[in-house]
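First up is the structure itself, then whatever we jot down about it.
The values are calculated or read from the model by the stated rules, or taken from the named source; none is laboratory data. These numbers were taken from a predicted model, which means no experiment stands behind them. Cβ placement follows ideal geometry from the backbone for every residue including glycine, while neighbour counts extend to all protein chains displayed.
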């Protein structure tokens, strides 16, 4: 039986991790990781999280199942925290096992509609979107968002391509700290995009994975709030893995804004899809989040720790720019200082990317994605020198 199974593709991040592990050199640098790490290569547990976990140990009275759509208090708190006054009775909410399950539940729902819409994607974009949509059987098409070798957005091309969308289609965008590019739309571009979506009758779907890593948590929620205030129908997916540093504890949520006449039906649909898949959401991570958000002191501590993580990533970006200017007097990596979040794409061809690993021991995700957060001060000069020498090599 199993000999007939298809050969499934391997995730590029896993390929990168495997190649790094197989590299026998001692002097090698792994920039393939997809999570926040400090200058020592560790992913710390936030002090606010530890204090919330201790409180849960002392007060939690049961390990019984939650409702299929999770903890209502968690959803309510998170909805108000992220969407502000736009979060009201018009939303269907579900606690999910991280953002990936929120995405999959929504993909299943769209694929099961009598007239399934097309989901329009930015390209390049988060590597798990296409596998999730494909597994759900949801229709999807890509629009050009970013040119890697020029290190700039292709916004007008994306807008032109969007003209092919039909009313009722869905546009799946990332919020702040676009993964893998690190290049976010400007405020004017985002406003123009919303105008175009509204004119075309396309439903916005925003995925928020890095809240607090661009400006601050409050400011990073504004994109979702503008969508929620403007559109009668929209979709918001949340993962809190990065914002709270609780990757393995799987805290996420799905919020769907519907018209009043559709709310009960969509609630039943989401509940049925959750039941047939994840069945019940894990409780520990969301309970930590709920505990922190309900306590003013814990929330203030968490926001300070989140800001420290954001500032460290920003410092690494600035250090790359300054180091290149000091070493080479050039600004080929200056775009990294204008971008935000943990990830960016190096402006390398396939051959140059291979040379980066072969000749310099620096491992990146296929396509040139690096995790800026993984860099320590001593790594920046190594990276800058390697990339600049490769870009200067006429044979490359």
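Conditions (1) under 24 Å from residue 384 (Cα atoms); (2) in a helix (DSSP H, G or I), marked per residue:
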| site | (1), (2) |
| --- | --- |
| 6 | no, no |
| 34 | yes, no |
| 45 | no, no |
| 52 | no, yes |
| 75 | no, yes |
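The requirement of being more than 20 Å from residue 356 (Cβ to Cβ) and assigned to a helix (DSSP H, G or I) is not satisfied by residue 17. Given the criteria touching a helix residue (DSSP H, G or I) at 6+ places or on another chain (Cβ under 8 Å) and outside any loop (DSSP other than H, G, I, E, B), does residue 300 qualify? No; evaluated as a whole, the condition is false for this residue.
The rows are residues; the columns are (1) touching a helix residue (DSSP H, G or I) at 6+ places or on another chain (Cβ under 9 Å); (2) buried (at least 19 other Cβ atoms within 10 Å of the Cβ).
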| position | (1), (2) |
| --- | --- |
| 325 | no, no |
| 329 | no, no |
| 334 | yes, no |
| 339 | yes, yes |
| 343 | yes, yes |
| 351 | no, no |
| 354 | no, no |
| 362 | yes, yes |
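Within segment 108-129, one or more residues are part of a helix (DSSP H, G or I) and within 30 Å of residue 312 (Cβ to Cβ).
When only residues in segment 148-158 that are surrounded by 15 or more Cβ atoms within 10 Å (Cβ to Cβ) and out of contact with any strand residue (DSSP E or B) (no Cβ under 7 Å at 6 or more places or on another chain) count, which is farthest from residue 338 (Cα to Cα)? Out of the qualifying residues, it is 155.
If you go through segment 222-247 and pick out every residue that is in contact with a helix residue (DSSP H, G or I) (Cβ under 8 Å, 6 or more places away or on another chain) and under 27 Å from residue 283 (Cβ atoms), you end up with 14.
Of all residues in segment 340-359, those satisfying the criterion of being closer than 23 Å to residue 313 by Cα and assigned to a loop (DSSP other than H, G, I, E, B) are 340, 341, 342, 346, 347, 348. Quick check on residue 82: is it closer than 17 Å to residue 286 by Cβ, part of a helix (DSSP H, G or I) and modelled with pLDDT of 95 or more? Criteria met by residue 82. Return yes or no: is residue 122 under 30 Å from residue 153 (Cα atoms), touching a residue at least 40 places away in the same chain (Cβ under 8 Å) and either in the same structural domain as residue 234 (by TED's automatic domain parsing) or buried (at least 19 other Cβ atoms within 10 Å of the Cβ) (or both)? The answer is yes for residue 122.
Within segment 375-386, the only residue that satisfies the criterion of being surrounded by 24 or more Cβ atoms within 10 Å (Cβ to Cβ) and either farther than 20 Å from residue 41 by Cα or at pLDDT below 95 (or both) is 375. Tally the residues that are in contact (Cβ under 8 Å) with a residue 24 or more places away in the chain, closer than 30 Å to residue 372 by Cβ and out of contact with any strand residue (DSSP E or B) (no Cβ under 9 Å at 6 or more places or on another chain), restricting the search to segment 39-95. Selection size over segment 39-95: 14. Among the residues here, residue 268 does not qualify as part of a helix (DSSP H, G or I), at pLDDT below 95 and surrounded by fewer than 19 Cβ atoms within 10 Å (Cβ to Cβ).
Could you say whether any residue in segment 164-183 is without any contact (Cβ under 8 Å) to a residue 40 or more places away in the chain, under 24 Å from residue 99 (Cβ atoms), in the same structural domain as residue 83 (by TED's automatic domain parsing) and touching a strand residue (DSSP E or B) at 6+ places or on another chain (Cβ under 7 Å)? No, the conditions are met nowhere in segment 164-183.
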